[in-house]
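One structure is given below, encoded as structure tokens.
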Amino acid sequence: MSRSAWATWWHGTWLIARREIRDQIRDWRIVAPLVGLTLFLPLLMNFTAQQVVHFVQKYGADIVAERLFPFLMMVVGFFPASISLVIALESFAGERERRTIEPLLAAPLTDAQLYVGKLLAVLFLPLSVSYFAVLVYVLGMHLKMGWWPSPMLLFMVLLLTTVQAVMMVCAAVVISTQATSVRAASLLASLIIIPVALLLQWESMMMFWQHYEVLWATAAAVLVVAVFVSRIGLAHFNREDLLGREVDILSIAWIKNIFWKEFRGQATSLKGWYGQIWHDLKNLRAALIMALGLMLAAGALGAWLAHQIPLQGVEQPHNVQDAFQSIQTGGGLPIALGSWQGVWALWWHNIRALLVAAAAGALTFGVLGILVPLLPYAIIGGGLDLMARLGWASPWQAFAALILPHGIVEIPAMAIFIAATLQLGASLASPAPGETLGAFWLRAWARWARIFVGVVMPMMALAALLETWLTPWVASHWLF
Amino acid sequence: MIHAEGLGKRFEDFWAVEDFTLDVHAGEVVAVLGPNGAGKTTTVRMLVSVLQPSRGKATVAGFDVATQGLDVRAHVGVLTEQHGLYTRMPAQEYLDFFAQIYGLDERLRQERIERWMRYFGLWAYRDWRIATYSKGMRQKLALARALLHEPPVLLLDEPTSAMDPESARLVREAIQGLRSQERAIVLCTHNLYEAEALADRIAIMRRGRLIAVGSPAELKARWLGPPMFEIVLNRALEGDLPSLPAEVEILAIEGQRILFRSPGWETFNPLIVQALTAAGYGVLRLAEVPQHLEQVYLEVMAQ
């Protein structure tokens with residue numbers, strides 16, 4: 001883009017942003033809570049910090065107070081920023097509902113100009129207020145308690161606040177493009193509020209434990225999600241999507257039709273259906289490579305984390321056989337190995353876990369759908385490291401004896417699951433033109449289900465069979 | 001100015017507009033009529049490059065609606081079905097916002113805003129919040145917004161809906177005033193009187209399809225037949241009617257009144273008067289019976 005084209009682009013974008021910011025300032029329903037959160041909340045938090053410090057000092061628990069200050073700073077920053085979600089729903093879904101968006105859509109502006117202009121406007125006021133509130137809190141804490149945050153801590157809190165606000169706003173845009181009213185968008189906003197509430201709890205825990213390195217990683221992860229969601233928002237904020245639909249209809253028959261049509265595809269026989277799945281798998285190649293890379297990375301991370309655990313002073317079984325026996329005598333193995341019941345229990349356990357992961361993935365744009373299945377590989381990595389350090393077996397021997405006999409089927413099955421879930425999440429960022437997000441999302445889920453039912457479930461059944469019959473035999477002959 | 005050929009728009013399994021073919025030339029006003037759901041608004045949205053056609057092609061002011069959306073929108077003034085005004089903004093600020101989007105410099109913005117606000121009688125209320133405006137004032141403001149950049153193509157969706165008769169007349173006069181050799185105007189309306197009064201040609205849509213296009217006179221001739229006339233005699237008709245040209249179709253005889261259709265009225269009407277006079281009747285009045293567009297519309301819809 002040349003400099004003059006860029007200047008023209010920015011001029012149009014800024015016009016949209018400026019008008020919206022002025023409009024927000026004229027709305028007392030937005031201004032009143034923001035003023036309250038800017039002045040009242042930081043002072044309340046200052047007071048709370050003071051009281052807590054006085055209380056815990058009586059019992060010598062100064063550490064609680066020390067950890068509380070940064071946490072309260074985060075709360076003070078987050079609350080005003082969270083207003084951006086409400087403003088975003090109002091700005092995008094509200095404009096659509098009141099039809100004020102139509103003259104804008106008929107103006108010589110691109111979809112991206114409208115989207116970025118609105119995004120800036122929605123973020124500007126809540127984030128400005130949020131930063132100001134943090135400043136008021138910090139000044140208050142300094143004046144009353146003599147506490148200053150380190151520049152890095154301050155920067156981290158502001159970064160977390162900013163990326164969370166961006167993520168919420170972009171998600172709100174996606175929701176707003178799919179709802180024809182503020183009411184409908186507000187109902188759908190629980191899809192944003194629940195994950196953000198969980199994220200905030202996680203951040204609070206990390207803040208209290210003073211695991212700032214985890215918080216930096218969290219900020220980076222949220223930033224990645226924010227960029228991804230903003231990409232989705234940009235893809236869905238287009239004239240077609242905004243004006244193509246006039247009413248929200250939830251029709252079970254429509255859902256069933258779309259899903260079944262895509263799930264079945266053009267196939268008229270089981271062979272034909274598997275032919276399509278083969279085609280799907282070929283399209284998954286890039287995602288499969290990424291999934292295998294993620295699984296390896298999870299294993300390595302698990303091993304690294306386990307390596308941090310000190311083993312001195314831990315009462316240890318002398319060898320893997322004793323360990324296995326102690327598990328059996330302690331009733332720690334819920335699965336009856338070497339029986340059909342065991343096969344069923346293993347298969348159902350794995351399928352259930354994957355379904356839960358997929359459902360969680362649906363609420364998090366596929367993120368949890370990938371992270372949850374990676375968890376066992378981190379545990380495996382950690383287990384192998386511990387076994388090696390305890391001197392029971394080399395990591396490769398333990399892997400070959402305990403994992404590989406069934407892993408030869410299960411690991412590819414998991415890789416396919418992760419790849420399909422990755423693709424499902426990524427597909428949101430590139431919708432099909434002329435199709436609603438709902439229909440597109442349903443079709444993406446149907447393709448995912450085709451792979452899950454046609455490939456993952458049978459492979460997991462075979463893996464369960466091997467895990468029940470073959471793996472214990474190999475382990476007992478090789479390791480014990 | 002507007003050239004649409006086989007234009008169609010599909011929403012999932014439903015074709016909102018199918019095979020829309022129409023040319024609107026500079027200096028022409030075309031009214032698009034049709035019941036709710038006929039596809040008028042979808043057609044306007046395609047012509048202003050807000051919706052992408054699923055089929056066919058169209059150019060507006062020389063730009064392709066599918067590939068040159070920005071240029072199309074820069075050369076079109078649109079009055080949307082819902083005026084879509086930001087009610088918390090003062091009216092003048094609102095127009096200034098759109099004038100800036102259309103790239104007008106400050107001097108031109110001030111000049112145009114004042115001109116159109118004065119024209120529509122809104123200048124005295126320029127600092128009022130739009131929320132305080134009446135429905136008619138809002139519609140006039142929306143029309144002023146569409147005219148700010150003096151576009152060569154105007155697409156007006158229900159320009160006089162929700163207006164009192166006086167304001168509606170003002171808007172109709174404005175549309176008449178906007179006619180020029182350089183501008184094409186498309187008017188979507190339910191108001192048949194307005195369409196007949198303003199439009200050079202009428203296009204009637206039903207269920208997404210264009211089913212009749214022509215000037216009001218052409219449409220009447222095509223759908224209602226030859227013009228209808230009424231003769232009033234000086235006394236009631238007695239006995240048989242004098243011999244009249246075969247092309248003349250007698251519709252009704254009631255006392256002194258005769259109602260007939262005359263396909264070549266310039267030729268036949270003098271002959272009819274002559275025959276009646278020769279039979280001893282005096283002709284008090286001969287006049288065409290007005291046939292309204294509404295009759296054409298109902299006839300077309302009934303097909």
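Of all residue pairs spaced 6 or more apart or on separate chains, those with beta-carbon atoms under 6 Å, a first member in region B:270-281 that is of a type in the set (Phe, Trp, Tyr) and a second member that is not in a loop (DSSP other than H, G, I, E, B) are B:TYR281/B:LEU233. B:ALA58 meets each of the listed conditions (1) in a helix (DSSP H, G or I); (2) buried (at least 20 other Cβ atoms within 10 Å of the Cβ) apart from (1). Checking the structure you have, find out if any residue of region B:31-44 is within 24 Å of B:LEU141 (Cα to Cα) and within 8 Å of another protein chain (Cβ to nearest Cβ). No, region B:31-44 contains no residue that is within 24 Å of B:LEU141 (Cα to Cα) and within 8 Å of another protein chain (Cβ to nearest Cβ). For region A:359-401, a tally of residues being aromatic (Phe, Trp, Tyr), touching a Gly at 6+ places or on another chain (Cβ under 9 Å) and free of Cβ contacts under 8 Å to residues at least 12 places away in the same chain returns 0. Of the residues that make up region B:48-61, is at least one in contact (Cβ under 8 Å) with a residue 60 or more places away in the chain and more than 10 Å from every other protein chain (Cβ to nearest Cβ)? Yes, region B:48-61 contains a residue that is in contact (Cβ under 8 Å) with a residue 60 or more places away in the chain and more than 10 Å from every other protein chain (Cβ to nearest Cβ). Contact map, region A:193-205: first residue under 15 Å from A:ALA81 (Cα atoms), second residue assigned to a helix (DSSP H, G or I) and polar (S, T, N, Q), Cβ cut-off under 6 Å, separation 6 or more or different chains; the map is empty. Looking at A:LEU135, is it assigned to a helix (DSSP H, G or I), of a type in the set (A, V, I, L, M) and within 14 Å of chain B (Cβ to nearest Cβ)? Answer is no for this residue.
Please verify whether region A:184-192 includes one or more residues that are at pLDDT below 85, within 17 Å of the chain's Cα centre (by Cα), surrounded by 15 or more Cβ atoms within 10 Å (Cβ to Cβ) and outside any helix (DSSP H, G or I). Yes: region A:184-192 contains one or more residues that are at pLDDT below 85, within 17 Å of the chain's Cα centre (by Cα), surrounded by 15 or more Cβ atoms within 10 Å (Cβ to Cβ) and outside any helix (DSSP H, G or I). Hey, among the residues in region A:17-29 that are assigned to a helix (DSSP H, G or I) and charged (D, E, K, R), which one's farthest from the other protein chains (Cβ to nearest Cβ)? Ranking the qualifying residues of region A:17-29, first place goes to A:ARG29.
So that you can scan it fast, the table gives a plain yes or no per residue for (1) away from chain B (no Cβ under 14 Å); (2) hydroxyl-bearing (Ser, Thr, Tyr); (3) buried (at least 22 other Cβ atoms within 10 Å of the Cβ); (4) free of Cβ contacts under 8 Å to residues at least 60 places away in the same chain:
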position: A:SER2; (1), (2), (3), (4): yes, yes, no, yes
position: A:LEU15; (1), (2), (3), (4): no, no, no, no
position: A:VAL31; (1), (2), (3), (4): no, no, no, yes
position: A:GLY60; (1), (2), (3), (4): yes, no, no, yes
position: A:PHE71; (1), (2), (3), (4): yes, no, no, no
position: A:ILE101; (1), (2), (3), (4): no, no, yes, no
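Tell me, which residue of region B:122-143 that is among the small types (Gly, Ala, Ser) and surrounded by 14 or more Cβ atoms within 10 Å (Cβ to Cβ) is nearest to the other protein chains (Cβ to nearest Cβ)? The residue in question is B:ALA142. Note on region B:195-303: enclosed strands (runs of 3 or more DSSP E) holding 2 or more residues that are aliphatic (A, V, I, L, M) and crowded, with 16+ Cβ neighbours inside 10 Å are B:201-206, B:209-214, B:228-233. Could you tell me whether B:GLN100 is more than 14 Å from every other protein chain (Cβ to nearest Cβ), out of contact with any His (no Cβ under 6 Å at 6 or more places or on another chain) and in a helix (DSSP H, G or I)? Here the answer is no, as B:GLN100 does not meet what is asked. Would you confirm, using the coordinates I've provided, whether A:MET387 is part of a helix (DSSP H, G or I) and more than 22 Å from A:TRP448 (Cα to Cα)? When the stated conditions are applied, A:MET387 passes them. Evaluate the following for B:GLU93: is it more than 11 Å from chain A (Cβ to nearest Cβ) and of a type in the set (Asp, Glu)? For B:GLU93, the condition - more than 11 Å from chain A (Cβ to nearest Cβ) and of a type in the set (Asp, Glu) - is not met.
For region A:17-29, enumerate the residues that are surrounded by 16 or more Cβ atoms within 10 Å (Cβ to Cβ) and farther than 22 Å from B:TYR102 by Cβ. A:GLN24 - this is the single residue of region A:17-29 that is surrounded by 16 or more Cβ atoms within 10 Å (Cβ to Cβ) and farther than 22 Å from B:TYR102 by Cβ.
Selection of region B:1-41 for residues being among the acidic types (Asp, Glu), over 21 Å from B:LEU219 (Cα atoms) and assigned to a strand (DSSP E or B) yields B:GLU5, B:GLU18. Of the residues making up region B:64-74, those that are crowded, with 18+ Cβ neighbours inside 10 Å and either small (Gly, Ala, Ser) or within 11 Å of another protein chain (Cβ to nearest Cβ) (or both) are B:GLY69, B:VAL72, B:ARG73, B:ALA74. A:ARG96 meets all of the listed conditions (1) within 14 Å of another protein chain (Cβ to nearest Cβ); (2) touching a residue at least 12 places away in the same chain (Cβ under 8 Å); (3) surrounded by fewer than 21 Cβ atoms within 10 Å (Cβ to Cβ); (4) basic (Lys, Arg) but one, namely (3). Quick one: which of A:HIS11, A:HIS54 is surrounded by fewer than 18 Cβ atoms within 10 Å (Cβ to Cβ), within 14 Å of another protein chain (Cβ to nearest Cβ) and in a helix (DSSP H, G or I)? Testing whether each residue is surrounded by fewer than 18 Cβ atoms within 10 Å (Cβ to Cβ), within 14 Å of another protein chain (Cβ to nearest Cβ) and in a helix (DSSP H, G or I) leaves just A:HIS11. Of the candidates A:SER91, A:SER130, the single residue that is assigned to a helix (DSSP H, G or I), within 14 Å of chain B (Cβ to nearest Cβ) and polar (S, T, N, Q) is A:SER91. Selection of first residues in region B:285-303 that are basic (Lys, Arg) and of second residues that are part of a strand (DSSP E or B), restricted to Cβ pairs under 6 Å at least 6 apart or on distinct chains, gives the following pairs, ordered by first then second residue: B:ARG285/B:VAL232. Is it fair to say A:ALA107 is away from chain B (no Cβ under 14 Å) and surrounded by 22 or more Cβ atoms within 10 Å (Cβ to Cβ)? Considered against the rule, which asks whether it is away from chain B (no Cβ under 14 Å) and surrounded by 22 or more Cβ atoms within 10 Å (Cβ to Cβ), A:ALA107 comes out as no.
Here A:ALA235 clears all of (1) over 26 Å from A:SER176 (Cβ atoms); (2) touching a residue at least 12 places away in the same chain (Cβ under 8 Å) except the condition numbered (1).
The values are calculated or read from the model by the stated rules, or taken from the named source; none is laboratory data. Note that the coordinates shown come from a computational prediction; the quantities given were computed from them, not determined experimentally. A quick note on method: Cβ atoms are made from the backbone with ideal geometry, for glycine too, and the neighbour counts reach across all protein chains shown.
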